[in-house]
Protein chains: 2
Amino acid sequence: MLQLSKKVEYGLIALRHMAMKPMGQVFTAKELAKEYDMPYDLLAKVLQKLARHGIVASLQGVRGGYALAKKPTEVTVSLIIRVIEEERPMVAECYTDGPASCYLFGNCTIRKPLGKLQRNLNVLFDTMTVQEIV
Amino acid sequence: MLQLSKKVEYGLIALRHMAMKPMGQVFTAKELAKEYDMPYDLLAKVLQKLARHGIVASLQGVRGGYALAKKPTEVTVSLIIRVIEEERPMVAECYTDGPASCYLFGNCTIRKPLGKLQRNLNVLFDTMTVQEIV
DNA sequence: TAATATAGGACTGTTAAAGTCTGATTTATG
DNA sequence: CATAAATCAGACTTTAACAGTCCTATATTA
């Protein structure tokens, strides 16, 4: 319950690894997967998403791989989750779309109350950066 | 991702409903389910768990039902989650058991870093009570 | 041109969450 | 004392999200 997904975990592990080495250093998905015993294919997809959103830079071809494209202080956990999961971390679906999206409609009584929880959660994830998990 | 389960939502809705009425008032699972359009069977199970842990008192038989057994200020969201899910809200499995439980074993690099996130999350859930969602 | 890397889509398997069904027990009340 | 209405409890089924795999295309270096 309330756990980060494996994909996010894999992403965090990879980003952390990169953040600990000299900026600009290139790593292949293969070596990262091996180092931390993560499924190669899955990690590859995660890195591709991070690349598409400019968090890492990708180099194709033989001596290719990935390198951090942003400073570790600039990448928040919140951003990583949004990029990898394609959604924000939410305590209830209520908050995913407009007001009409709540399955309880008029009778939803926890929307407002949980908003407080949600906002606090947002602060947590928005505040924590890759720098802090090194 | 990172959402509260339906069971927890149902539990929160039910507890909130009770907390808004005079202390000691009895409600049946049936009426609560109807009022908020929740699946009766599921809500019933949730209430039974809350009863077993003394959060609500249950009265069997014809005019039976449930009533709050603790003051709304005494029941934290954290407790509700632990009772209903039978586990704590965790950002990674790492934290569920002893040190050996991490699937990355020696190579887990996010355990310590995520601990910070975990602690902050704990504070959130430990601090928020039923009183605050009324 | 061969080897090695990313890119990306389709697919399958697995698991946890969500929901349902059945029957037993308790108790107020007509 | 029989009945109806409620909790209690466990087994079961369904569903959907997550995790993981597979295949092929494209890019790039040597």
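The values are calculated or read from the model by the stated rules, or taken from the named source; none is laboratory data. Predicted model only: the values in this text are computed from it and were never measured. Cβ placement follows ideal geometry from the backbone for every residue including glycine, while neighbour counts extend to all protein chains displayed.
Please go through the range A:83-95 and pick out each residue that is more than 11 Å from DNA strand D (Cβ to nearest atom) and part of a helix (DSSP H, G or I).
Result: A:83, A:94, A:95.
Filtering the range A:24-42 down to residues that are modelled with pLDDT of 95 or more and closer than 17 Å to residue A:133 by Cβ, which residue is surrounded by the fewest Cβ atoms within 10 Å (Cβ to Cβ)?
A:27
Considering only the range A:58-69, state which residues are closer than 21 Å to residue A:86 by Cβ and within 11 Å of DNA strand C (Cβ to nearest atom).
If the condition is that a residue be closer than 21 Å to residue A:86 by Cβ and within 11 Å of DNA strand C (Cβ to nearest atom), then A:58, A:66 are the ones that fit.
Being part of a strand (DSSP E or B), touching a helix residue (DSSP H, G or I) at 6+ places or on another chain (Cβ under 6 Å) and of a type in the set (A, V, I, L, M) is the filter here, so list the residues in the range A:61-82 that pass it.
Listed by number, the list holds a single entry, A:68.
Regarding the range A:68-78, can at least one residue be identified that is within 14 Å of chain B (Cβ to nearest Cβ) and within 19 Å of residue B:3 (Cβ to Cβ)?
yes
In the range B:86-116, which residues are modelled with pLDDT of 80 or more and not basic (Lys, Arg)?
The answer is B:86, B:87, B:89, B:90, B:91, B:92.
If you go through the range A:43-67 one residue at a time, how many are closer than 17 Å to residue A:9 by Cα, more than 12 Å from DNA strand D (Cβ to nearest atom) and either crowded, with 22+ Cβ neighbours inside 10 Å or in contact (Cβ under 8 Å) with a residue 24 or more places away in the chain (or both)?
Count: 5.
Residues of the range A:1-32 being facing chain B (nearest Cβ under 9 Å) and either hydroxyl-bearing (Ser, Thr, Tyr) or within 15 Å of DNA strand D (Cβ to nearest atom) (or both), which ones?
A:1, A:2, A:3, A:4, A:5, A:8, A:9, A:12, A:13
Hey, does the range B:37-60 have a residue that's over 11 Å from the mean Cα position of the chain (by Cα) and within 11 Å of chain A (Cβ to nearest Cβ)?
Within the range B:37-60 (the criterion being over 11 Å from the mean Cα position of the chain (by Cα) and within 11 Å of chain A (Cβ to nearest Cβ)), the answer is yes, since at least one residue qualifies.
Name the single residue that is farthest from the other protein chains (Cβ to nearest Cβ) among those in the range B:115-131 being among the aliphatic types (A, V, I, L, M) and touching a Leu at 6+ places or on another chain (Cβ under 8 Å).
Residue satisfying both the conditions and the ranking: B:130.
Show the residue pairs that are 6+ apart or on different chains and have beta-carbon atoms under 8 Å apart, the first residue being within the range B:77-102 and closer than 11 Å to residue B:8 by Cβ, the second being crowded, with 17+ Cβ neighbours inside 10 Å and modelled with pLDDT under 80.
Short answer, once both residue conditions are applied: B:77/A:117; B:81/A:1; B:85/A:1; B:89/A:1.
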